[in-house]
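Colleague: One structure, as structure tokens, below. Some questions next.
The values are calculated or read from the model by the stated rules, or taken from the named source; none is laboratory data. Since the model is a prediction, treat every value here as computed from it, not as a measurement. Cβ placement follows ideal geometry from the backbone for every residue including glycine, while neighbour counts extend to all protein chains displayed. With ligands, DNA and RNA removed, areas are computed over all heavy atoms of the protein, side chains included. Shrake-Rupley method; radii C 1.70, N 1.55, O 1.52, S 1.80 Å.
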Amino acid sequence: MSCTNEIDFGMPLLGDRLPRMEVRTTHGPMTLPDDLAGKWFVLFSHPADFTPVCTTEFIAFQKRREDFKKLNCELVGLSVDQVFSHMKWTEWIREKMGVEIKFPIIADTGEVADLLGMIHPGKGSNTVRAVFIMDPSGIIRLILYYPQEVGRNIDEILRVVEALQVVDKNKVATPANWPNNELIGDEVIIPPPADEKTAKERLKMYDCYDWWFCHKKISR
């Protein structure tokens, strides 16, 4: 694996472009984010091959792969191990669980994990369960870290991809638990007004709790 780190101060943060990385995967060589330009993608790391929690996550990601693809979003896994180990693991999942893993898995020697902050010394030498969501320009839009002992909520990751796309398309914000918010359901929040005139006008244009909290329905 070779990489060009465009971040001078350490691991990349929200709003940064994912550092360019040439990696080996179960689908052959890949260059990220270049090879997925124009697509959203989720990069997620696993502590090790042949572990129970990781196996459940691989199956859960694969079962929702078509839902991600409907959002023009690809999946890319990562584990600090060699390609042949990844291949044997996915072979086991196919034979024992009846699920064929169709997304690529990066074979990392630790270089990618170090670059992206996936190894937290306080949790040992394996990668934590990291999640990075990238937009079609390769910009990091979300970072999540789960401890090794807790499996990820794949439905939440799918929800965030959809929410980010809604935010970008409509220039709005989404409320807690969107699209099932306790106050406004599947509606979205209008950005705050820039001046007093706009604050008054928006009260006539949208449903509002107050001038700073207005919301509207959109088509999804």
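Colleague: Of all residues in region 1-25, which are assigned to a strand (DSSP E or B), modelled with pLDDT of 90 or more and either aromatic (Phe, Trp, Tyr) or open to solvent by 30 Å² or more (accessible area, probe 1.4 Å) (or both)? It would help to see each step written out before you state the result.
Modeller: The initial filter retains those residues of region 1-25 that are assigned to a strand (DSSP E or B), namely 2-4, 17, 20-25.
If we keep only those that are modelled with pLDDT of 90 or more too, we end up with 17, 20-25.
Within region 1-25, 17, 20, 22, 24 meet the criteria.
Colleague: Just one of 99, 80, 166, 160 is open to solvent by less than 40 Å² (accessible area, probe 1.4 Å), in contact with a Ser or Thr (Cβ under 8 Å, 6 or more places away or on another chain) and aliphatic (A, V, I, L, M); which is it?
Modeller: Numbers: 99 fails: in contact with a Ser or Thr (Cβ under 8 Å, 6 or more places away or on another chain); 80 fails: open to solvent by less than 40 Å² (accessible area, probe 1.4 Å); 160 fails: in contact with a Ser or Thr (Cβ under 8 Å, 6 or more places away or on another chain).
Within the list 99, 80, 166, 160, the selection yields 166.
Colleague: Restricting attention to region 26-54, and to residues there that are among the hydroxyl-bearing types (Ser, Thr, Tyr) and out of contact with any Pro (no Cβ under 7 Å at 6 or more places or on another chain), which single residue is least open to solvent (accessible area, probe 1.4 Å)?
Modeller: Result: 45.
Colleague: Sticking with this structure for a sec: Check residue 39 against each of (1) basic (Lys, Arg); (2) over 14 Å from the mean Cα position of the chain (by Cα); (3) at pLDDT 95 or above and name the one condition it does not meet.
Modeller: That leaves (2) as the condition not met.
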